Amino acid sequence: MGIDWDGLRAAARDVCARAYAPYSHYPVGAAGLADDGRVVAGCNVENAGYGVTLCAECGLVSALVASGGGRLVAVACVNGAGETIMPCGRCRQLLWEHGGPSMLLDTPQGVLPMTQVLPQAFDEGDLEAVAADA
Ligand code: THU
């Protein structure tokens, strides 16, 4: 499947315009291509209790699951200036869960596989390894 990176970046910029970021004034938009061709997106949603802020990637993953699930093939995240940004560490873990090692991420250093942006990731395999020992 060919990946329309410009289309994904445009979808991320679109949803970024709907971010709720009254505290940081740092809107983020994230858009992902699912393995059935769907494009799902999310924006950050902040809270007066700063620690419960939802990152844009949380919204993206929720949209993926709520709209039928599947696997993420490619993801792009942008800030309010429309620039590509790296997902925070927690969100890389969220993306790994739903995209796995081969998911491609648009980064300021170009398109990279998840194995390069989250090396030695913890995932279901680690849980299964212990279950198999038991
Ligand atoms: N933010 C995201 O939405 N995704 C990231 O990967 C990095 C940070 C948001 C959280 C907060 O609303 C704002 O950016 C500033 O940290």
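The values are calculated or read from the model by the stated rules, or taken from the named source; none is laboratory data. Not measured: the values here are computed from a predicted model. Glycine also receives a Cβ, built like all others from the backbone with ideal geometry; neighbour counts cover every protein chain displayed. Only protein heavy atoms, including side chains, enter the accessible area calculation; ligands, DNA and RNA are left aside. Shrake-Rupley method; radii C 1.70, N 1.55, O 1.52, S 1.80 Å.
At most 16 other Cβ atoms within 10 Å and a DSSP loop assignment: could you name the trypsin sites (Lys or Arg not before Pro) in segment 47-123 that fit?
Of the trypsin sites (Lys or Arg not before Pro), the ones in loops of segment 47-123 whose Cβ has at most 16 other Cβ atoms within 10 Å are Arg71.
Using a 10 angstrom Cβ neighbour count of at most 15 plus a DSSP loop assignment to flag exposed chymotrypsin sites (Phe, Trp or Tyr not before Pro), which longest range of the chain is free of such sites?
The longest such stretch corresponds to 24-121.
Gain in length, Arg38 to Arg71, computed as 0.36 nm per residue apart minus the alpha-carbon separation, to one decimal in nm?
So the extension gain works out to 10.9 nm.
So, with a 1.4 angstrom probe, what is the percent of accessible area on the chain that is carbon and sulfur?
55
I need the trypsin sites (Lys or Arg not before Pro) found in segment 1-60, filtered to DSSP loop residues with at most 16 other beta carbons within 10 Å of theirs.
In loop regions of segment 1-60 (DSSP not H, G, I, E or B), the sparsely surrounded trypsin sites (Lys or Arg not before Pro) are Arg18, Arg38.
Taking the Cα atoms only, what angle lies between the long axis of helix 89-99 and the longest principal axis of the chain, rounded to 10 degrees?
Long axis of 89-99 versus the principal axis of the chain: about 60 degrees.
Using the basic label-point model (7 angstrom from Cα toward the beta carbon), what is the Leu112 to Tyr20 distance in nanometres?
Modelled inter-label distance: 3.2 nm.
Please give the calculated 222 nm ellipticity per residue for the chain, where each DSSP H segment of at least 4 residues contributes -39500 (n - 2.57) and the sum is spread over every residue; nearest 500 deg cm²/dmol?
Using -39500 (n - 2.57) per qualifying helix, the result is -10500 deg cm²/dmol.
Principal axes first, then extents: for the Cα atoms of segment 1-119, list largest minus smallest coordinate on each axis, whole Å, largest first.
Cα spread of segment 1-119 along its principal axes, largest to smallest: 40, 28, 25 Å.
Roughly what angle does helix 124-133 make with the longest principal axis of the chain, taking Cα atoms, 0 to 90 degrees, to the nearest 10?
It works out to around 20 degrees.
Restricting attention to the alpha-carbon atoms of segment 55-115, what are Rg (one decimal) and Dmax (integer), both in Å?
For segment 55-115, the Cα radius of gyration and maximum Cα-Cα distance read 11.1, 31 Å.
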